[in-house]
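Report on one structure; see the data block that follows.
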Amino acid sequence: MAVLVPGGAGYIGSHTVVELLNVGKDVIIIDNFSNSKPETLDNIRKITGKDFKFYEMDYADREKLEKVFEENKIEAVLNFASLKAVGESVKMPIDYYINNVSGVLVLLDVMKKYNVKKFVFSSSATVYGEENPIPYLESMPTGVATNPYGTTKIFIEQILKDIYVSDNEWDIAILRYFNPIGSHESGLLGEDPKGIPTNLMPYIVRVACGQLEKLYVFGDDYETPDGTGIRDFIHVVDLAKGHIKALDKLEKEGNGIFIYNLGTGKGYSVLELVNTFMETTGQKVPYEIIGRRPGDIAVSYANVDKAKEELGWVAEKDLKEMCQDSWNYIVKSK
Ligand code: UFG
């Protein structure tokens with residue numbers, strides 16, 4: 001029995017595939033390389049010394065997807081095939097709703113047809129919206145997202161809840177990611193967005209290696225100790241390991257829909273991250289403070305008790321390792 005991983009060549013998907021192979025799972029990756037590179041697949045093989053099946057296709061192509069389910073014995077699906085740029089989603093809402101929402105509906109419908117009912121969904125802290133108090137708890141109501149990307153996550157969470165109500169043979173884990181950064185310690189996997197990055201760490205590394213002149217820090221007038229935004233940065237390898245624990249729970253206990261925050265439970269400010277990056281790597285990151293970015297909230301971090309109690313999972317890597325590993329990947333891939 002294999003685990004199907006749409007989006008397995010992407011940033012979080014590739015790190016999770018490594019962990020799946022490390023625990024001895026058979027893996028099938030689907031990817032259309034819309035925001036990833038074919039070399040990543042070879043790098044996964046290099047890191048793990050293991051092989052997997054690969055289909056180059058759009059995960060929402062029903063005909064091809066059905067073929068994948070016919071050709072393989074699939075026990076569970078971990079879906080990473082999702083568009084994820086907040087700003088882009090504001091400009092291209094239709095693309096986001098088609099890819100993220102319609103796409104996942106095709107996937108879930110095909111899963112149902114082939115009686116595969118274990119599903120791990122990549123959600124986001126963004127579903128907590130602006131109203132909930134910090135730290136975020138899984139039991140809080142989801143809020144209103146400030147952009148179409150966030151709305152797709154809220155919609156899909158609701159769709160999954162409805163599916164479970166209709167048929168409680170489904171085993172579903174909804175994982176709400178906080179701010180994943182860092183990369184595999186080998187430096188062979190990492191985040192390399194096409195075009196100018198919009199997320200903080202990818203922008204920092206491009207400044208550090210001289211591809212961009214300086215970092216623009218969006219606002220220093222938030223109600224935080226240094227005035228800059230605070231986020232729960234989590235090492236992507238810790239995040240990937242959280243998926244293994246969630247899948248374990250679905251396999252052993254099953255029959256339920258479970259929601260977990262995947263974060264460290266600690267918040268660091270934008271300037272703390274920039275300074276830790278400079279100290280750890282010895283690289284300079286010139287920056288300029290400019291106005292707030294529309295849609296940003298001041299502070300976001302997780303309560304991580306539920307994942308600890310129910311999954312036995314805690315994030316282990318600290319901010320320095322996150323910075324060092326993000327930088328290693330850039331050094332190695334240049
Ligand atoms: N920031 C800057 N300059 C930049 C980029 C970011 O100062 O060039 C600041 C932001 O203002 C924010 C912090 O760095 O305070 C983190 O910003 P990111 O864009 O890296 O991350 P966000 O917290 O805005 O977004 C992330 C994910 C989304 C997710 C969201 C909510 O990228 O997918 O968290 O959980 F929806």
Looking at (1) buried (at least 20 other Cβ atoms within 10 Å of the Cβ); (2) among the polar types (S, T, N, Q); (3) farther than 19 Å from residue 164 by Cβ, find the lone condition where residue 122 falls short.
(3)
Hey, among the residues in the range 225-239 that are under 19 Å from residue 84 (Cβ atoms), near the ligand (Cβ under 9 Å from one of its atoms) and not in a loop (DSSP other than H, G, I, E, B), which one's farthest from the chain's Cα centre (by Cα)?
231
Just give me the residues in the range 47-68 being open to solvent by 90 Å² or more (accessible area, probe 1.4 Å) and assigned to a helix (DSSP H, G or I), in sequence order.
62, 63, 64, 67
From the list 302, 315, which residue is closer than 19 Å to residue 128 by Cβ, away from the ligand (no atom under 11 Å from the Cβ) and in contact with a strand residue (DSSP E or B) (Cβ under 6 Å, 6 or more places away or on another chain)?
315
Mind checking which residues of the range 128-147 are more than 12 Å from the ligand (Cβ to nearest atom), among the aliphatic types (A, V, I, L, M) and free of Cβ contacts under 8 Å to residues at least 40 places away in the same chain?
140, 144
For the range 290-310, pairs from a residue that is within 16 Å of residue 198 (Cα to Cα) to a residue that is within 8 Å of the ligand (Cβ to nearest atom) and open to solvent by 40 Å² or more (accessible area, probe 1.4 Å), with Cβ under 8 Å and 6 or more apart or across chains, are 290/216; 290/218; 291/218; 292/218; 293/218; 295/86; 296/218
Test residue 304 against the stated conditions and say whether it is buried (at least 18 other Cβ atoms within 10 Å of the Cβ), of a type outside the set (Phe, Trp, Tyr), under 30 Å from residue 211 (Cβ atoms) and in contact with a Phe, Trp or Tyr (Cβ under 9 Å, 6 or more places away or on another chain).
no
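When you look at residue 285, is it closer than 21 Å to residue 211 by Cβ, within 16 Å of the ligand (Cβ to nearest atom) and β-branched (Val, Ile, Thr), yes or no?
Values: closer than 21 Å to residue 211 by Cβ: yes; within 16 Å of the ligand (Cβ to nearest atom): yes; β-branched (Val, Ile, Thr): yes.
Considered against the rule, which asks whether it is closer than 21 Å to residue 211 by Cβ, within 16 Å of the ligand (Cβ to nearest atom) and β-branched (Val, Ile, Thr), residue 285 comes out as yes.
The values are calculated or read from the model by the stated rules, or taken from the named source; none is laboratory data. None of these values were measured; they are calculated from a predicted model. Positions of Cβ are generated from backbone atoms using ideal geometry, with glycine treated the same way; all protein chains shown enter the neighbour counts. Each accessible area value is taken on the protein alone, full model and side chains, heavy atoms only, with ligands, DNA and RNA left out. Shrake-Rupley method; radii C 1.70, N 1.55, O 1.52, S 1.80 Å.
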